[in-house]
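First comes the structure, then the notes that go with it.
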Amino acid sequence: MLSTEERAVVSTVREWVDREVKPVVADLEHADTYPEKLIEQMKELGIYGLAIPEPWGEAPVSMPCYALVTAELARGWMSLAGAMGGHTVVAKLLQSFGTREQQDRYLPRMATGELRATMALTEPGGGSDLQAMTTHAARVGDEYVINGAKTWISNARRSGLIALLCKTDPEAEPKHKGVSVLLVEHGPGLTVSRDLKKLGYKGVETCELVFDDMHVPASAVLGGEPGRGFAQMMKGLETGRIQVAARALGVGQAAFDDALRYSQERESFGKPIWQHQSIGNYLAEMATKLTAARQLILFAAEKFDAGERCDMEAGMAKLFTSEIAMEVALNAVRIHGGYGYSTEFDVERYFRDAPLMIVGEGTNEIQRNVIAAQLVKRGGLA
């Protein structure tokens with residue numbers, strides 16, 4: 001249950017989306033233009049600091065509130081939610097595992113949005129198999145020397161801090177014991193090699209990173225002790241998957257809202273098309289599934305706030321909501337008919353944005369593996 005203050009936060013973001021984002025999103029998205037003005041307004045609203053508590057931040061909110069704010073941003077433009085997704089994961093990693101020096105160095109500037117952060121996990125040849133990564137950091141005196149490459153890194157050019165998952169002990173057994181998270185800032189040896197062209201998720205850059213003998217201090221290891229990065233990042237992905245599920249909810253909500261409105265305005269055979277059973281059935285199923293998705297997200301978010309393990313619940317929320325967003329976006333195109341295929345209507349954008357949540361932050365095939373493994377480990381749903 002959200003507090004009165006948290007409901008006001010969600011309401012403020014909703015009003016801002018309707019007032020500032022909706023009127024300009026089509027032009028920005030189709031031009032693939034970075035939304036500099038909107039990002040600055042997000043900073044002013046305090047959105048980048050919503051997950052950062054005192055003494056580093058000023059107005060932290062619960063995970064359910066954060067999820068609903070994310071959904072509101074995605075309802076306006078999914079790219080805006082993407083512009084703060086990895087940032088929040090890194091903030092949570094620092095709070096949970098960072099040394100006090102690391103927390104004091106980064107979190108105050110992250111809370112204001114002065115410093116934005118992202119995470120780098122995926123590799124060109126690795127995909128979902130994180131333990132097979134080849135990016136490595138060799139200890140040389142008081143430094144680590146990083147070599148390797150990462151891909152599909154959102155906000156790579158504009159984020160001043162990168163939480164890099166890499167191998168610091170390639171010989172370790174089991175393999176995950178040799179993995180660490182390094183807190184890397186842009187500098188010599190790090191090249192943002194190219195921007196990747198995408199079906200949707202426009203405006204915000206997604207890039208490849210190349211590390212070529214990049215030197216970072218040994219103090220860059222998250223928490224100060226190498227070999228713990230895999231478990232740290234898996235915990236961070238609980239936040240990431242709740243966030244991606246909330247993005248999907250926002251896209252689905254936007255598609256449903258447009259479809260419901262259009263079905264009341266458009267007439268055929270002498271009546272609004274929502275009165276035709278086939279269209280009415282679409283709307284009823286869309287609304288029902290979105291309501292269920294919202295509750296699943298809040299369930300996972302509440303478990304997170306309670307300090308409980310929620311990788312299964314976050315995986316369920318991400319799996320279900322992303323699939324529903326894709327279904328709802330497609331049905332919104334159906335309801336709009338030929339206009340749904342036109343770039344003059346927003347539903348074609350929802351249809352292009354929705355697939356990202358199916359393959360991002362761990363593919364849905366991986367989510368099913370996570371859920372199945374946890375069901376066996378926990379002895380079912382009890």
| task | Determine whether A120 is closer than 22 Å to T239 by Cα and at pLDDT 95 or above. | result | yes
| Which residue, of S263, S278, S219, is in a helix (DSSP H, G or I), in the same structural domain as Q295 (by TED's automatic domain parsing), polar (S, T, N, Q) and surrounded by fewer than 20 Cβ atoms within 10 Å (Cβ to Cβ)? | S278
| remark: Expected single match for among the hydroxyl-bearing types (S, T, Y) and without any contact (Cβ under 8 Å) to a residue 40 or more places away in the chain among T321, T291 is T291
| query | Here are K202, K175, K167: which of them is under 13 Å from A138 (Cα atoms) and either buried (at least 19 other Cβ atoms within 10 Å of the Cβ) or not small (G, A, S) (or both)? | reply | K167
| Out of curiosity, is A67 under 16 Å from G250 (Cα atoms), aliphatic (A, V, I, L, M) and either in contact with a strand residue (DSSP E or B) (Cβ under 9 Å, 6 or more places away or on another chain) or surrounded by fewer than 20 Cβ atoms within 10 Å (Cβ to Cβ) (or both)? | no
| request: Could you tell me whether A306 is touching a residue at least 24 places away in the same chain (Cβ under 8 Å) and assigned by TED's automatic domain parsing to the domain that holds I371? | output: no
| said: Among the residues of region 123-165, what is the count of those that are acidic (D, E) and at pLDDT 95 or above? | reply: 2
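Given P55, P60, which one is part of a loop (DSSP other than H, G, I, E, B) and touching a Gly at 6+ places or on another chain (Cβ under 9 Å)?
Exactly one residue qualifies, and that residue is P60.
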| query | Here are some residues: G113, G76, G86, G98. Which one is crowded, with 19+ Cβ neighbours inside 10 Å, over 21 Å from V244 (Cβ atoms) and in contact (Cβ under 8 Å) with a residue 60 or more places away in the chain? | reply | G98
| query | Is there any pair linking a residue in region 324-335 that is closer than 11 Å to L290 by Cα and assigned by TED's automatic domain parsing to the domain that holds K289 to one that is modelled with pLDDT of 95 or more and of a type in the set (F, W, Y), with Cβ under 7 Å and at least six apart or on different chains, and which? | reply | V328/F256
| Matching residues in region 1-43 - criterion: being more than 26 Å from P64 (Cα to Cα), free of Cβ contacts under 8 Å to residues at least 24 places away in the same chain and of a type in the set (V, I, T) | V24
| task | Name the residue, out of E40, E20, that is under 21 Å from A255 (Cα atoms), of a type in the set (D, E) and outside the structural domain of Q295 (by TED's automatic domain parsing). | result | E20
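The values are calculated or read from the model by the stated rules, or taken from the named source; none is laboratory data. Keep in mind that what you see is a predicted model, and the values were worked out from it rather than measured. All Cβ positions, even for glycine, are placed from backbone atoms using ideal geometry, and neighbour counts span all protein chains on display.
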